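Take a look at the structure set out below.
Since every read-out is calculated from the coordinates, none of them should be taken as a lab result. Here the structure is a predicted model, which means the values were calculated and not measured. Methodologically, a virtual Cβ is constructed for each residue, glycine included, from the backbone with ideal geometry; neighbour enumeration extends over all protein chains shown.
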Amino acid sequence: MSRSHSNSGIIFGSIDEMIPIPFNKPCLAGRELAYVNQAISSGWISGDGAFTKKCQKLIAQHLGVSGVLLTTSCTHALEMAALLLDLEPGDEVIVPSFTFVSTINAFVLRGAKPVFADIRSDTLNLDESKLEALLTPRTRAIVPVHYAGVGCEMDSILEIAKRHRLMVIEDNAHGFFGKYRGRYLGSFGRLATQSFHETKNISCGEGGALLINDSALIERAEILREKGTNRSLFFRGQVDKYTWVDLGSSYVPSDLLAAFLYGQLEKVEPIQAKRRRIWEFYHEHLRNWVEERGFGLPVVPAHCDQSYHMFYLLLASLEMRQRFIAHLKERGISSVFHYVPLHLSPMGCKYGGRPGQCPVTERVSDCLVRLPFHNELTEADQTRIVAAIEQFPSG
Ligand SMILES: Cc1ncc(COP(=O)(O)O)c(C=O)c1O
């Protein structure tokens, strides 16, 4: 096979190899566009229309949670959770340092102090064995993140939370349809949050949901989501006019987005089956390469059904990880790292974060690389990705 260099510096082999493989790609799964048209024809494209209700019902039934409210993002669902907590300035919220900024920013916005926990070196989830050492009389909540859609150790986390009367809010941005001990992620905490961002298994571009497992919180959550008004009660005919009754903001997505999302939700089984095949292909074809070099692969404990959200490798060092990303980029393949440790971010340092505080997080953040993963990734793409990885000089 002849090789040549393009102007962009990408090394090309066959015609197929000239086509870049993106890290992520928005994909249609079924009737998304027909439903968007239907929403427009119905004359209702603002929030809480017919498609929002259909999505909420489908998610609630499928996951077995008492309440579901679609939101404009997972970030906004987390902000609603923080409002529902009624935090006082100086209250503390425990989160893994290895997470997206919104997991904690939502609570800091309400005056909370972030307390950063380290992660387990196997699942990369919040290390439950280190939780109790972080508790103080000001601790109000724990926010476990089901990293890569593999469940955190919820038995231990819930037991600690119960003993210390703390609220558990699951950040389930990655874990839609994943399970822990046979129960859906998102059904354990009093509250949980989902993301339907473009990079997630099921998506509407930007979107999210608040899952409410304590029905006592549903009415207030509806108010917070509707700018602090009791508009939802008005729509249901439970009050004859609506007014400002609490804090709140605009967390309601357009029914156009809900229509798109419903088209994806209807296809959750084929989407998940496809993603499972993608994950298993990577695992099967990279296992030996990784093991021979002493690198790391995702760990999924037997009691967890993962959501097949992502596939990552743990390389030996930051220098190697950066070389690896550049090596794939030269071959037209886009791969990305994940999470700069929050305790070492400028904001984290303001709250006392320092190097060495979360050693597992610091190592993983240097060494982790995520491979392309989207619903239209083909076996030919994956074969090319695996071949490119096998050419990586890893010595
Ligand atoms: C763990 C986690 N939580 C929250 C979010 C925020 O999601 P969204 O973009 O829907 O606000 C992300 C984003 O990817 C995430 O990875």
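Laid out as a table, the results:
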| quantity | calculated |
| --- | --- |
| Cβ-based exposure ranking for VAL36, VAL299, VAL68, in which fewest neighbours within 10 Å come first | VAL299, VAL36, VAL68 |
| Residue exposure sequence - CYS304, CYS152, CYS349, CYS367 - by fewest surrounding Cβ within 10 Å | CYS349, CYS367, CYS304, CYS152 |
| Prolate/oblate/rounded call for the chain, Cα gyration tensor, a/c under 1.5 rounded | oblate |
| Separation between Cα centres of the stretch 319-353 and the stretch 220-266, rounded to whole Å | 37 Å |
| Cβ-placed point charges (K, R +1; D, E -1), dipole of the chain about Cα centre in debye, nearest 20 | 300 debye |
| Extension gain from PHE392 to GLU376, taking 0.36 nm per residue of separation minus the Cα-Cα distance | 3.3 nm |
| Other-chain or far-sequence residues with amide H under 5 Å of LEU191's (modelled H) | VAL168, GLU170, ASN213 |
| Under Karplus coefficients 6.51, -1.76 and 1.60, residue-wise ³J(HN,Hα) of the stretch 315-322 in Hz, glycine/proline x | 8, 7, 7, 5, 4, 5, 4, 5 |
| Residue among ILE278, LEU69, GLN264 farthest towards the positive dipole end of the chain, charges placed on Cβ | LEU69 |
| Of all DSSP beta bridges in the stretch 124-215, antiparallel share, percent nearest 5 | 55 percent |
| Alpha-carbon centroid distance for the pair the stretch 72-98 / the stretch 137-163, whole angstrom | 14 Å |
| Rg(Cα) / (2.2 N^0.38 Å) computed for the stretch 117-239, rounded to two decimals | 1.18 |
| Rounded, prolate or oblate (a/c below 1.5 giving rounded, otherwise prolate when a/b exceeds b/c) for the stretch 79-140 by Cα gyration tensor | oblate |
| Per-residue HN-Hα couplings for the stretch 72-88 [Karplus 6.51, -1.76, 1.60; θ = phi - 60°; Hz; x = Gly/Pro] | 6, 6, 5, 4, 5, 5, 5, 5, 5, 4, 5, 5, 5, 6, 6, 5, 9 |
| DSSP beta bridge pairing in the chain, given as percent antiparallel to the nearest 5 | 60 percent |
| Shape box of the stretch 126-187 [Cα atoms, principal axes, largest first, Å] | 35, 18, 18 |
| J(HN,Hα) series, the stretch 204-221, from Karplus relation 6.51 cos²θ - 1.76 cosθ + 1.60, nearest Hz, glycine and proline x | 9, x, 10, x, x, 7, 9, 9, 10, 9, 10, 4, 5, 8, 5, 4, 5, 4 |
